[in-house]
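The values are calculated or read from the model by the stated rules, or taken from the named source; none is laboratory data. Just so it is clear, the model here is predicted, and its values are computed rather than measured. A quick note on method: Cβ atoms are made from the backbone with ideal geometry, for glycine too, and the neighbour counts reach across all protein chains shown.
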Amino acid sequence: MTTGLGFVDRYGPWAVVAGASEGLGRAFATELARRGLNLMLVARKEAALQQTAGELCEAHGVETAVLALDMGAPDAIDRIADAVGDREVGFIVANAAFVPIGQFSEIAPADLDQAIAVNCRGTLQLARRFLPPMAARGRGGMVVMASMAGLQGTPMLTTYAATKAFDLVLAEGLWQEFGKHGVHVIGSAAGAIADPNLAKVKTKRAPGTLSPDAVVSETLAALGKGPRVVPGRTNKFASVLMSRLLPRQAAVRIMAMNTKDLRAG
């Protein structure tokens, strides 16, 4: 794994981080800035983006730009492309997410659509817009943030889990297609992350909960080594158990026990 100027040389001078205002997205932005990449930060909360951009510019001397938008909006990718302009984007972090929580029959249809728009279409459009130019240059990278919830059906997170299964499979296909052109793509199936979003929905700390920094570190370290990573030893063991060793119905029932206390934030 390269760091500092080596990371910039390997991937390119600019990164677009979607879902960058807090938690994991902010941690990705911070680490990429530490490694010397300039940043286009994208999220809904403009004030938080401006604060993060200012802090990273001051701390690491990188250029920053911000764009406040909803990744589920139909014109999101066009607005991102317009904001990027002629900057060479060599790295993408698809971290924006919409998480409907609750019994499936109680989720509003509009929220189901939004989950697909943000978690699936938004990631697809980022990949389609930025990966082909990376391939033409022979360098670049993309992190697709998925979830261990997507390794099997996950009650109370049924739609979110399904979108994250989509993201993992998408990342695997992109890894193969673009890897031969020098572009590293990886899907990161994270478990619980100790960030503001977890505090809103979880009543107690889950086993294997990691800090955002730990997830970022393991995800970036896995670039170029394979199509997916599960950060954290406990989570790696759990992923093997759930997806390879247990019968499918047992895996789903275990997830149901783990998510029964989730509540909408």
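Numerical summary
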item	result
Those residues of segment 1-57 which are assigned to a helix (DSSP H, G or I), among the β-branched types (Val, Ile, Thr) and either in contact with a helix residue (DSSP H, G or I) (Cβ under 7 Å, 6 or more places away or on another chain) or at pLDDT below 95 (or both), in sequence order	30, 52
Qualifying residue in segment 142-152 (condition: over 18 Å from residue 230 (Cα atoms) and out of contact with any Phe, Trp or Tyr (no Cβ under 7 Å at 6 or more places or on another chain))	no
Residue within segment 119-133 that is buried (at least 16 other Cβ atoms within 10 Å of the Cβ), of a type in the set (Val, Ile, Thr) and either farther than 21 Å from residue 37 by Cβ or more than 13 Å from the chain's Cα centre (by Cα) (or both) present	no
Near pairs, Cβ below 9 angstrom, 6+ apart or cross-chain, from segment 191-216 (modelled with pLDDT of 95 or more) to any residue that is aromatic (Phe, Trp, Tyr)	212/28; 215/28; 216/28
Residue match in segment 93-115 (condition: at pLDDT 95 or above, in a strand (DSSP E or B), touching a Gly at 6+ places or on another chain (Cβ under 8 Å) and closer than 18 Å to residue 80 by Cβ)	yes
Those residues of segment 160-198 which are surrounded by fewer than 22 Cβ atoms within 10 Å (Cβ to Cβ), among the polar types (S, T, N, Q) and within 17 Å of the chain's Cα centre (by Cα), in sequence order	197
Unique residue being touching a strand residue (DSSP E or B) at 6+ places or on another chain (Cβ under 8 Å) and farther than 18 Å from residue 226 by Cα when the list is 211, 105	211
Single unsatisfied condition, residue 163 versus (1) over 27 Å from residue 236 (Cα atoms); (2) part of a helix (DSSP H, G or I); (3) touching a residue at least 40 places away in the same chain (Cβ under 8 Å)	(1)
Residue 65 being over 17 Å from the mean Cα position of the chain (by Cα) and surrounded by 17 or more Cβ atoms within 10 Å (Cβ to Cβ)	yes
Top-ranked residue of segment 68-85 - restricted to ones that are outside any helix (DSSP H, G or I) and at negative phi, ranked as surrounded by the most Cβ atoms within 10 Å (Cβ to Cβ)	71
Failed item in (1) out of contact with any Ser or Thr (no Cβ under 7 Å at 6 or more places or on another chain); (2) under 21 Å from residue 130 (Cβ atoms); (3) surrounded by fewer than 24 Cβ atoms within 10 Å (Cβ to Cβ), with residue 10 passing the rest	(1)
Scan of segment 252-265 for residues that are of a type in the set (D, E, K, R), loosely packed, with under 13 Cβ neighbours inside 10 Å and over 23 Å from the mean Cα position of the chain (by Cα), ordered by number	260, 261
Members of segment 86-118 found to be under 23 Å from residue 256 (Cβ atoms) and either of a type in the set (A, V, I, L, M) or crowded, with 23+ Cβ neighbours inside 10 Å (or both), listed by number	97, 99, 101, 107, 108, 112, 115, 116
Tally of residues being in a loop (DSSP other than H, G, I, E, B) and surrounded by fewer than 20 Cβ atoms within 10 Å (Cβ to Cβ) across segment 209-251	8
Scope segment 234-245; condition without any contact (Cβ under 8 Å) to a residue 40 or more places away in the chain, of a type in the set (A, V, I, L, M) and closer than 18 Å to residue 206 by Cβ; matching residues	240, 241
